[in-house]
Amino acid sequence: MQKFYVVGNLKMNMSSREEVSQYLTVLHREAGQKTYEHVLGIICPSFVYLAQFDTLPKGMKKGAQNLFPEKIGAYTGEISPVMLKDDGVEYVIVGHSERRRYANETDEMIREKALSALKYYMTPIVCIGETGGERQAGETENILASQLRTLFSDLSKLQAEKIIIAYEPLWAIGTDAVPTTEELFRVRVFLRKFFTEIFDAQTAERIAVLYGGSVKSSLLGPVSWEAEMNGVLAGRESLFPYELVKMMGLFEEEAKRKQNEG
Ligand code: PEP
């Protein structure tokens, strides 16, 4: 059974070591000694505070919010995959819509970053999604297909199944608007079919797809397992350790429920 993922993107929030340390204290208190068989939490702080996340509660790993695809060299202001790996980072968000928007990242650049993460044994969490206008125009599937075609072209099945996709419609990020379960399920079915066509059905099942955009624990079922998503990527709610731990607990319960159903 695929694990469920709960990714917390802390973005450029928290502005001092002290604030980060308070966040971690509360996170440890909320998580206590809870263990998870079916869920992995991934917390992605700002680069500057990554080292403070070395010790996380059980079932949680640290991730980064971006990387530069080159290993070393004259790239002022950038962070290499080797640096991240050395710091204990195992997951890295790639192509978040805010980076596409503010840093002009293109699908080609995102592919290079994802490949670089794979090369250095990290798991890229690649964000895709359509704008509100594209959704209105009925273009969602075309947009996703074009983003994914660039990402997956010439990748082996083995490489492909190591990538996690985060479906994050831009109109749902930071807005409190969320797609209906039916809409999300349609996207899930479309992605499964898309991956089956370029790889095969088994690989398609192995590529985890998360949902992101105004996620909170009270909406978890409708935006995740009811739509056959493999987890969620949360922005604002990840700033509340209580919510992160609650989401992980709800996924664990759902996985156990499914397991008992056989
Ligand atoms: C995001 O930016 O990836 C995100 C999901 O943000 P929020 O949960 O705040 O909508």
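The values are calculated or read from the model by the stated rules, or taken from the named source; none is laboratory data. Predicted, not measured: the structure shown is a model, and the values here were computed from it. Calculation scope for accessible area: heavy atoms of the full protein, side chains included, ligands and nucleic acids excluded. Shrake-Rupley method; radii C 1.70, N 1.55, O 1.52, S 1.80 Å.
How much of the accessible area of the chain, in percent, comes from carbon and sulfur atoms when a 1.4 Å probe is used? Please list the in-between numbers first.
Working: 6360 of 12490 Å².
Roughly 51 percent of what the probe reaches on the chain is carbon or sulfur.
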Rounded to the nearest Å, the spacing of the alpha-carbon centers of the stretch 2-19 and the stretch 42-65 is 7
Check: C-alpha center the stretch 92-129 vs C-alpha center the stretch 186-256, spacing in Å is 19
Expressed as a whole-number percentage, the relative contact order of the chain with C-alpha contacts under 8 angstrom and at least six residues apart is 21
For Lys11, counting only lysines whose alpha-carbon sits under 29 Å away and dropping same-chain residues fewer than eight positions off, the answer is Lys3, Lys34, Lys58, Lys61, Lys62, Lys71, Lys85, Lys113, Lys119, Lys162, Lys216, Lys246
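Rounded, prolate or oblate: which fits the stretch 1-48 when a ≥ b ≥ c are the square roots of the eigenvalues of the alpha-carbon gyration tensor, with rounded for a/c under 1.5 and prolate only if a/b beats b/c? Before the final figure, lay out each step's value.
Numbers: a/c = 4.22, a/b = 1.58, b/c = 2.67.
Oblate, since a/c reaches 1.5 and b/c is not below a/b.
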Under the rule rounded for a/c under 1.5, else prolate if a/b exceeds b/c, else oblate, using alpha carbon gyration tensor axes a ≥ b ≥ c, the stretch 91-214 is classed as oblate
Checked the stretch 193-253 against the a/c 1.5 cut and the a/b vs b/c comparison, axes a ≥ b ≥ c from its Cα gyration tensor; verdict prolate
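Would you mind getting the Kirkwood hydrodynamic radius of the chain from its Cα pairs, rounded to one decimal in Å? Walk me through the numbers on the way to the answer.
Values: mean 1/r = 0.0539 Å⁻¹.
Evaluated over the chain, this radius sits at 18.6 Å.
With the Cα gyration tensor of the stretch 1-91 in hand, convert its eigenvalues to equivalent ellipsoid semi-axes via √(5λ) and list them largest first in whole Å.
Values: eigenvalues 122, 60, 20 Å².
Values for the stretch 1-91, descending: 25, 17, 10 Å.
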With every protein chain in place, the accessible area of Trp225 for a 1.4 Å probe, in Å² rounded to the nearest 10, comes to 60
For Lys157, the aspartates and glutamates lying under 13 Å Cα to Cα, once residues fewer than eight places off in the same chain are dropped, come out as Glu197, Asp200, Glu205
